[in-house]
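Some notes on the structure that comes next.
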Amino acid sequence: MTINLRKKSLLLFPCLIVVLLAAPILASAPPLPNPVLYLTGTEAFQSSGKQFIRYKYDVLNKADYPATLFAPAPALPPCGANTKSSRTWVDIFDSRGKRLYGFCALGKPSDLSGIWFALEEGIVPPSYIYIEMNDRQTNTKYKSNLADTTL
């Protein structure tokens, strides 16, 4: 019985060393910040015979996010018919949590400078909105600040 215990100990010892050496590396990886959202402008446009206002936004700290967050993720559930949707989806919500729009195929962090939602002309927009970036691979959500809908 003692020999069997020694064999197990000898097998487990290298695993323990690897875990102990890797722990500082894993612990030193800083967590990603929440997005800092701000309105860049509005624009009128027409679609299907109706007039709309597009509210355009940017994420101030988009450079803090690694490109891997926006890589195609064919192993994860698709976004409708899009089987090459990205690992991280971005949803836009009003301040009460009602989803207004979403993006499931942003290809790189700089694409966060082109997010938007639209309302039919004459509809009063919510006073504030926020975004949630959902990393579907790690099931981690990053929620932004509340951003104005007027300049």
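Structure notes:
- Per residue accessible area in Å² of the range 77-149, where ligands, DNA and RNA are left out and the probe is 1.4 Å: 54 Å²
- Highest mean packing first, where packing is the average number of other Cβ atoms within 10 Å per residue, the peptides 128-141, 39-52 line up as 128-141, 39-52.
- For the range 37-94, the antiparallel share of DSSP beta bridges with both residues in that region comes to about 100%.
- FRET efficiency, 1/(1 + (r/R0)^6) with R0 22 Å, evaluated for LEU151 and GLU121 via beta carbons: 0.80
- With every protein chain in place, the range 70-118: carbon and sulfur % of accessible area (1.4 Å): 56 percent
- 20 Å Cα-Cα threshold exceeded, pairs from LYS56/LYS108; LYS56/LYS98; LYS62/LYS141; LYS50/LYS108: LYS50/LYS108
- About the centre of its Cα atoms, the range 64-117 shows a dipole size close to 140 debye [charges on the beta carbon of Lys, Arg (+1) and Asp, Glu (-1) only; nearest 20 debye].
- Taking the centroid of alpha carbons for each part, the range 41-87 and the range 133-151 are 12 Å apart.
The values are calculated or read from the model by the stated rules, or taken from the named source; none is laboratory data. The structure displayed is predicted, hence computed values, not measured ones. As a convention, Cβ positions derive from the backbone with ideal geometry for all residues, glycine included, and neighbour counts pool all protein chains shown. Please note that ligands, DNA and RNA were not included when accessible areas were found on the heavy atoms of the full protein model with its side chains. Shrake-Rupley method; radii C 1.70, N 1.55, O 1.52, S 1.80 Å.
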